[in-house]
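Take a look at the structure set out below.
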Amino acid sequence: MPIAIIDVIAAALEIKDKKEIVFDYFGLNHFGWFTKIEYKGQDIMESLKAYIKKHEILLPASYMKDKQALAFKSKDQNRHTKGSWYYVWKGIYEIMENFPDYVPNTYLNYYLQSKEFVEHSDPNYTRANEVMDSREKNLFDGIDKYLKTGEIDESVFYAGSHGDWIADLAIALKNDTKARFLVIIENRGAIPNMPYDAMVEVPAYIGKDGPEVIAQNEIPLFQQGLMMQQVNCEKLLVEGCIEGSYQKVLEAFTLNKTVPSMNTAKRILDDMIIANKGYWPELK
């Protein structure tokens with residue numbers, strides 16, 4: 001997601017050669033913050049913050065011109081203005097109104113605004129339904145067309161920023177370019193005030209021998225506290241799965257910041273045990 005966010009930032013600030021953007025970032029998978037963003041050596045973080053504050057959203061102005069799009073009625077609107085996506089990008093502005101130092105990963109909306117995101121969600125047409133009716137449908141339609149006609153619609157199979165990232169990473173590994181990427185790796189002191197074995201997301205130079213991690217300073221207590229809560233949640237979940245421990249899985253659900261209380265955590269867990277019968281380990 002950080003790579004996709006950089007794409008949106010580049011479009012918002014009308015930057016065409018996005019590969020000239022260099023950023024510092026720390027976090028966990030889908031759970032982190034941009035601390036510095038530069039374009040051709042010039043700091044653009046303050047310009048970006050001003051843009052977000054002015055527009056009250058992190059989306060390019062060109063995406064927002066269609067008034068029908070904002071009402072979710074236009075079939076041709078940019079997908080980032082549709083349904084739940086609109087609130088995701090709006091949420092960056094809302095988070096930064098309270099915590100303005102860093103630019104958050106969009107997924108932090110679900111942890112920091114869980115109540116609000118539930119309230120504007122449609123239980124009868126969820127984020128999963130949106131994906132199934134767009135990306136997934138387009139892909140399967142493209143596959144069906146190829147199988148029937150032998151014709152390939154490249155746009156159907158184009159993976160966007162994520163595909164570009166994977167291709168660039170493969171080139172860096174093969175050609176030992178030492179290009180800079182954001183990677184998820186065992187901490188091993190990269191973030192001094194996080195556990196040694198935590199899987200963290202930080203910048204690294206990539207060559208034939210793998211990542212050379214760019215060490216970070218100690219991170220602020222607020223972000224460290226959120227990350228520790230999430231790391232411990234995930235560790236408890238893994239232990240609970242391996243041990244078949246209902247208690248540990250309940251603790252994991254309770255610790256997760258998307259869940260408002262232990263009683264809600266228990267109801268969710270009990271419902272999920274029934275829904276996943278035959279797939280989950282038996283919890284005792």
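Brief remarks follow.
- Here Gln42 fulfils each of the conditions (1) over 19 Å from Asn217 (Cα atoms); (2) polar (S, T, N, Q); (3) surrounded by 14 or more Cβ atoms within 10 Å (Cβ to Cβ) apart from (3).
- Cβ-Cβ under 9 Å pairs, at least 6 apart or on other chains, region 213-226 side exposed (fewer than 11 other Cβ atoms within 10 Å of the Cβ), far side assigned to a helix (DSSP H, G or I): Glu218/Gln224
- Among the residues of region 53-63, those that are farther than 14 Å from Glu14 by Cα and within 22 Å of the chain's Cα centre (by Cα) comprise Lys53, His55, Glu56, Ile57.
- Matching option when the condition is closer than 26 Å to Ile21 by Cβ and either touching a residue at least 24 places away in the same chain (Cβ under 8 Å) or in the same structural domain as Ala265 (by TED's automatic domain parsing) (or both), among Ala204, Ala198, Ala167: Ala204
The values are calculated or read from the model by the stated rules, or taken from the named source; none is laboratory data. All values derive from a computational prediction rather than experimental measurement. Cβ atoms come from the backbone with ideal geometry, glycine included; neighbour counts cover every protein chain shown.
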